[in-house]
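Participant: Let me give you the structure first, and then I'll get to my questions.
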Amino acid sequence: MLATPERIRGDGGLTEMLVWHKPVGRVIEEFQAIACSDTEGIVMPWPKQDVPLKLDKPGERWCSDCLAIIRSA
């Protein structure tokens, strides 16, 4: 599934967790809309990547709302 990551930063500004979201549409002016929100998105997103629905990498997870949208489609 194509996804775009939201970087959750911890102490010291280091990435602590990646939360994967289902992107909606294309990047416009460095903003990527996401399926789980009508108003929020990812600013200056990393390139979209193919991410398995069963994600087992430490420090990475799917947004639960985006995952529910994907599974209901």
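Participant: How much mean residue ellipticity at 222 nm does the chain get from its helices, if each DSSP H run of length 4 or more adds -39500 (n - 2.57) and you divide by all residues, to the nearest 500 deg cm²/dmol?
Facilitator: After summing the helix terms and dividing by the residues of the chain, the value is -3500 deg cm²/dmol.
Participant: I would also like to ask the following. Of the listed values (i) -1.10, -1.13; (ii) -1.00, -1.07; (iii) -0.87, -0.92, identify the label whose number matches log10 I(q)/I(0) by the Debye sum over Cα atoms at q = 0.22, 0.23 Å⁻¹ calculated from this model.
Facilitator: Matching the structure shown: (ii).
Participant: If each of ALA68 and LYS48 carries a label point 7 Å out from its Cα toward its Cβ, how far apart are those two points in nm?
Facilitator: Modelled inter-label distance: 2.3 nm.
Participant: About its Cα centre, how strong a charge dipole does the chain have in debye, to the nearest 20, once Lys and Arg get +1 and Asp and Glu get -1 at the Cβ?
Facilitator: 280 debye
Participant: Follow-up. Counting only C-alpha contacts under 8 Å and six or more residues apart, can you give the relative contact order of the chain as a whole percent?
Facilitator: It rounds to 33 percent for the chain.
Participant: Given a 1.4 Å probe and the protein chains all in place, what does the accessible area of ILE8 round to, in Å² to the nearest 10?
Facilitator: Approximately 60 Å² of ILE8 is accessible to the 1.4 Å probe.
Participant: Would you be so kind as to identify which of GLY25, THR15, VAL43 lies farthest towards the positive end of the dipole of the chain, taking Lys and Arg as +1 and Asp and Glu as -1 on Cβ and the Cα centre as origin?
Facilitator: GLY25
The values are calculated or read from the model by the stated rules, or taken from the named source; none is laboratory data. Computed from a prediction, not measured in an experiment: that's the story for all the values here. Virtual Cβ from ideal backbone geometry, glycine too; neighbours counted across all protein chains shown. Accessible surface areas use protein heavy atoms only, side chains included; no ligands, DNA or RNA. Shrake-Rupley method; radii C 1.70, N 1.55, O 1.52, S 1.80 Å.
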